[in-house]
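Visitor: Sharing a structure below in structure tokens format, with a few things to ask.
Here, each number is a calculation from the coordinates, and none is a lab measurement. None of these values were measured; they are calculated from a predicted model. Here Cβ is always computed from backbone atoms with ideal geometry, including for glycine, and neighbour counts include all displayed protein chains.
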Amino acid sequence: MRVLLDSCVWGGAVAVIRDAGHDCVCVGEWPEDPGDPEILERAHQDGRVLVTLDKDFGELAVVRGVPHSGIVRLVGFAARRQGEICCAVLDRCASELRAGALVTATPERLRIRVDED
């Protein structure tokens, strides 16, 4: 799966996600952070699932209707577990993410929102 990690996700997660066979790039590797709307647009243009800790991306997608290629929000996980959890979510929710789902993963549950057109 093609993935874009937001700059707030632990940098070490990139290697974990790549080692699991995903095509992963990280906003933290860019020369500068262009801001949330541009990050979401670039992820969508590149067909990448955006992985973040930030709820603002979900608001952009749901409230403003900004197009995206799937969003995963990780909540409440230690930094060193973020790559592992991301891979588990990508594997478990692959078909939903390909359909443009918003997935929120917490230690207690996994919430999947797929907007029906």
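Visitor: Given [x] -0.48, -1.18; [y] -0.55, -1.21; [z] -0.64, -1.24, which label gives log10 I(q)/I(0) by the Debye sum over Cα atoms at q = 0.14, 0.21 Å⁻¹ as computed from the coordinates?
Guide: It is the one labelled [x].
Visitor: Continuing with the same structure: Give the shape of the stretch 2-53 as rounded, prolate or oblate, defined through the alpha-carbon gyration tensor: a ≥ b ≥ c are the square roots of its eigenvalues, a/c under 1.5 means rounded, and otherwise the shape is prolate if a/b is larger than b/c and oblate if not.
Guide: Verdict is oblate for the stretch 2-53.
Visitor: What's the extension gain from Ala15 to Glu32 if we count 0.36 nm per residue and subtract their Cα-Cα distance?
Guide: The Ala15-Glu32 span can extend by a further 4.1 nm.
Visitor: Rounded to the nearest 0.05, what FRET efficiency do Arg111 and Val63 have when you use their Cβ-Cβ distance and R0 = 25 Å?
Guide: 0.90
Visitor: Output the relative contact order of the chain, whole-number percent, from Cα pairs under 8 angstrom with separation of 6+ residues.
Guide: Averaging sequence separation for qualifying contacts and normalising by length gives 26 percent for the chain.
Visitor: Please state the charge dipole magnitude for the chain, taken about the Cα centre, from unit charges on C-beta atoms (+1 on K and R, -1 on D and E), reported in debye and rounded to the nearest 20.
Guide: That gives the chain a dipole magnitude of about 440 debye.
Visitor: To the nearest 0.05, how large is the calculated FRET efficiency for Arg2 and Ala79 if R₀ is 25 Å and r is the Cβ-Cβ distance?
Guide: 0.65
Visitor: How would you rank Cys24, Cys87, going from fewest to most other Cβ atoms within 10 Å of each one's own Cβ?
Guide: Ordered from fewest to most neighbouring Cβ atoms within 10 Å, Cys24, Cys87 come out as Cys87, Cys24.
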